[in-house]
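Student: My structure is below; once you've seen it, I'll send some questions.
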Amino acid sequence: MKAAISVLVFALALSCGPRRAATPEPAPELERPFPLAQVPSMIEDVGERAAWLSSHYWDNFTQTDSLYFSDSLRLNGVKKETVEEQMGIFATLLGRITREEGSLAMESLFSRLEAFQMAFPQSEMLPYMSSLAEHYFYDPNSPVRSEELFLPFVSGLASSELVDPAQREAASKKAGLCALNRPGTKAADFTFIDTKGARCTLYGIKAEKTLLIFGNPDCTACKDLLAGMKENDYLSRLISSGTLKVADIYIDEDIAQWKEKSALYPAEWINGYDPTGRIRADLLYSVRAIPSMYLLDKDKTVLLKDAAPDQVLRAL
């Protein structure tokens, strides 16, 4: 990922400095820098500036009044590596505004890409930018992944006549997975067997907050997560007080392996396995990579879906 420069770049974009004089447009066949949108100077509130920039981030890049040269290295006159950097910055920016504002920004992005592709059918704008959006927002290894933000984009792909039928079908399936257990909705209940052999349910867990983890004791990333959580004093206090309950649920098939290694988990955690395989088979949850974490409130409403550890800590 090349989003490490994001904070500096969009902080500059949100600052209220004077606008630079417009520079002459390069000839269509020449390379150009990424044309960043300029936030109107009359918008002074930082949050409002971030929301405006997120909705207009790609406006200048996707204007349909001219077409710049594209090849294996450039997209509409801008180096593809620069375009990817900008997608990383954009994704980071969306993580700093409200979920509703982020969804509107993704809808705006897709609409502009579709309009550009319609104006210039020979362009690879829509397929290339779609691959970047999926990489940053949907790839389970992306630190800025968000199925909630990817949903409006992939829903657009699923209904666009500019996308071939096979790709529309694939996009429709991804949209369905993104729509499962969305933040603000009640999490799907399920039955699991705990380490004592008792049959339990997710909704039977009583706590102000529940951290639901789908993991595997042999998974390296799961082990790293476990170690990090054990070392976090704040999480330990929340768990000890009963304010937070952690439920780690094994959803793979080798139950003997789980039983052998379940003692690795802290005694104060709720540790169990899915005896029927319903969670995967019935797609109660979209678990595309482990560990996968959901933060729920006392009524089992989803606060965070498939969240990164730092997102969970910030929310708590």
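Yes or no, residue by residue, for (1) of a type in the set (F, W, Y); (2) in contact (Cβ under 8 Å) with a residue 12 or more places away in the chain; (3) within 17 Å of D65 (Cβ to Cβ):
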{"position": "T82", "(1), (2), (3)": "no, yes, no"}
{"position": "I89", "(1), (2), (3)": "no, yes, no"}
{"position": "E101", "(1), (2), (3)": "no, yes, no"}
{"position": "M106", "(1), (2), (3)": "no, yes, no"}
{"position": "F110", "(1), (2), (3)": "yes, yes, no"}
{"position": "F116", "(1), (2), (3)": "yes, yes, yes"}
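Student: Residues being touching a strand residue (DSSP E or B) at 6+ places or on another chain (Cβ under 6 Å) and in a helix (DSSP H, G or I): count how many of those fall in segment 200-235.
Tutor: Count: 1.
Student: Among L284, L303, which is within 26 Å of F137 (Cα to Cα) and touching a Pro at 6+ places or on another chain (Cβ under 7 Å)?
Tutor: Step by step, each of L284, L303 is checked, and only L303 is within 26 Å of F137 (Cα to Cα) and touching a Pro at 6+ places or on another chain (Cβ under 7 Å).
Student: Could you list, in sequence order, the residues of segment 76-110 that are over 11 Å from S55 (Cα atoms), part of a helix (DSSP H, G or I) and aliphatic (A, V, I, L, M)?
Tutor: V83, M87, I89, A91
Student: For a quick check of your reading: which helices (runs of 4 or more DSSP H) sit entirely within segment 239-316 and have at least 3 residues that are basic (K, R) and at pLDDT below 95?
Tutor: Where helices (runs of 4 or more DSSP H) fall fully within segment 239-316, none carries at least 3 residues being basic (K, R) and at pLDDT below 95.
Student: Mind listing whichever residues of segment 141-199 are assigned to a loop (DSSP other than H, G, I, E, B), more than 15 Å from the chain's Cα centre (by Cα) and free of Cβ contacts under 8 Å to residues at least 40 places away in the same chain?
Tutor: E161, V163, D164, K196, G197, A198
Student: To continue, here is another question. Testing D218 on (1) outside the structural domain of L244 (by TED's automatic domain parsing); (2) acidic (D, E); (3) modelled with pLDDT under 95, one condition comes back false. Which one is that?
Tutor: (1)
Student: Limited to segment 65-79, what total is found for residues that are under 21 Å from S108 (Cα atoms) and either modelled with pLDDT of 95 or more or touching a His at 6+ places or on another chain (Cβ under 6 Å) (or both)?
Tutor: Result for segment 65-79: 3.
Student: Need the failing condition index for S236 against (1) among the small types (G, A, S); (2) within 17 Å of A315 (Cα to Cα); (3) in contact with a helix residue (DSSP H, G or I) (Cβ under 6 Å, 6 or more places away or on another chain), just the number.
Tutor: Here S236 meets the rest and fails (3).
Student: Can I ask one more? Filtering segment 118-140 down to residues that are buried (at least 18 other Cβ atoms within 10 Å of the Cβ) and in a loop (DSSP other than H, G, I, E, B), which residue is nearest to the chain's Cα centre (by Cα)?
Tutor: Of everything passing the filter in segment 118-140, Y138 is nearest to the chain's Cα centre (by Cα).
Student: Here is a check on your reading of the model: is K196 modelled with pLDDT under 95, basic (K, R) and surrounded by 15 or more Cβ atoms within 10 Å (Cβ to Cβ)?
Tutor: Considered against the rule, which asks whether it is modelled with pLDDT under 95, basic (K, R) and surrounded by 15 or more Cβ atoms within 10 Å (Cβ to Cβ), K196 comes out as no.
The values are calculated or read from the model by the stated rules, or taken from the named source; none is laboratory data. A quick note: this is a predicted structure, and the numbers were derived from the prediction, not measured. Positions of Cβ are backbone-derived with ideal geometry, glycine not excepted, and every protein chain shown enters the neighbour counts.
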